[in-house]
Amino acid sequence: MQTMSTRDHRAVLLAPDHVPGEFGGSYQSACLALDLDPVPGGYALYLMDMMNIRATIISTDTGPVRQAKDNAESGGDGYLLSSRLATRSIIDTRWGWPEELGGGPRCQFCRNPHPAWIYEGPAVEVLIGEPFIDFGPPPVVGSDIVGCIDWPACDTCYDLIETADFDAWRGLLDRYGDPDVPMPVQTAWREFWTSHRPPAPAPPPPWTPHRRRRSADSIAAHWDDFTAEQPVDDVVFTSDPHVPGLAGVDAALEAAHGYLLQPPLPGAVRSYPYGEGARIIRADGDGWSLVGRTDSISFILLDTAPNLTHLIGRGPTLPSLMTGLDRIAQAEPETNGQS
Ligand SMILES: [Zn+2]
């Protein structure tokens, strides 16, 4: 794994020889996704997480992260000395996290990344609080920085909140009680418990290329769970441009076949071990991601078909495509987060 964790923060190495699996694709494409120049030395992304604020610090000094990564790979705890982060190496600070690395909505009660409910909160003066470093003007939360704010909740926390039982609430009530939580946030937190509005189902997050890459990474990482939930019918292909999703599947498969003739930039194809003799293959291109097993089915995700997963049966050409992509991935000199 390419990330090191403490309770509240993560540091991620992004470099020509190491592109996190969450991004898939090449170093160049990951830099493009992050709006960064693909400099040869790479970047260290520091993902700062507090209950009320998430932020990303981007540094060109990759030394501490590489050191922690080496330490973790040789059996150490991978502890990162964040105090070594030199201010002069910081090139940008941003609110939130990249979506591929877990940004986007989360349960405000336990940080679960899949909130299913939204509580519209009471009007509060300030939710943001004082950041620990100057990130510029704070983002507007809800309709206005002094207006109502929403509290996303996962199913588990929703159940706890709705029990209206103090014993069930006890664990939740402590969440924003840490001394480092700014007072305005603690105030907003208390207000939530006295006057929040009824919950509503959370809308699905918008479909973006970032979310596609994150979804592809999740399918590869949780293959068995994901496939167990999928219908087994094979997708119907078409080159009819009036059926954008299916036509997009054709185009994506064609682009993936193209990789066999002209290998893409390193990292665009990845191969992970799966069981005995099989591999999970992930390939990414412009607007599409392909995830599949060398001995089984595959899935295609498209930017033109939001929230849809296209199942590709074995068929006559898929086996040779997957084994060909596997050869490309394993021939690369660096692993790019593969194992
Ligand atoms: Zn939760």
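Which ranges mark the strands (runs of 3 or more DSSP E) fully within the stretch 1-74 that have 1 or more residues being touching a strand residue (DSSP E or B) at 6+ places or on another chain (Cβ under 9 Å) and modelled with pLDDT of 90 or more? Because the criterion is at least 1 residues that are touching a strand residue (DSSP E or B) at 6+ places or on another chain (Cβ under 9 Å) and modelled with pLDDT of 90 or more, the strands (runs of 3 or more DSSP E) in the stretch 1-74 that meet it are 9-14, 43-49, 54-59.
If you go through the stretch 82-92 one residue at a time, do you hit one that is at pLDDT 80 or above, outside the structural domain of Ala153 (by TED's automatic domain parsing), in a loop (DSSP other than H, G, I, E, B) and surrounded by 16 or more Cβ atoms within 10 Å (Cβ to Cβ)? No, because not a single residue in the stretch 82-92 is at pLDDT 80 or above, outside the structural domain of Ala153 (by TED's automatic domain parsing), in a loop (DSSP other than H, G, I, E, B) and surrounded by 16 or more Cβ atoms within 10 Å (Cβ to Cβ).
Checked against (1) within 12 Å of the ligand (Cβ to nearest atom); (2) at pLDDT below 55, Cys148 passes all but a single condition, namely (1).
Just to be sure, is Cys157 at pLDDT 80 or above and touching a Ser or Thr at 6+ places or on another chain (Cβ under 9 Å)? When the stated conditions are applied, Cys157 does not pass them. The set of residues in the stretch 227-265 that are in contact with a helix residue (DSSP H, G or I) (Cβ under 9 Å, 6 or more places away or on another chain), modelled with pLDDT under 90 and of a type outside the set (A, V, I, L, M) comprises Thr227, Phe237, Thr238, Ser239, Asp240, Pro241. Close Cβ contacts (under 9 Å, 6 or more residues apart or on different chains) running from residues in the stretch 192-217 that are more than 16 Å from Phe299 (Cβ to Cβ) to residues that are modelled with pLDDT of 85 or more and among the basic types (Lys, Arg) comprise Pro205/Arg211. Hey, does the stretch 113-131 have a residue that's out of contact with any Cys (no Cβ under 6 Å at 6 or more places or on another chain), at pLDDT 60 or above, under 30 Å from Ile58 (Cβ atoms) and more than 15 Å from the ligand (Cβ to nearest atom)? The answer is no, given that none of the residues of the stretch 113-131 is out of contact with any Cys (no Cβ under 6 Å at 6 or more places or on another chain), at pLDDT 60 or above, under 30 Å from Ile58 (Cβ atoms) and more than 15 Å from the ligand (Cβ to nearest atom).
The values are calculated or read from the model by the stated rules, or taken from the named source; none is laboratory data. Worth saying up front: this structure is predicted, and the values here are computed from it rather than measured. Because the Cβ atoms are built from the backbone with ideal geometry, glycine has one as well, and the counts that use them run over all protein chains shown.
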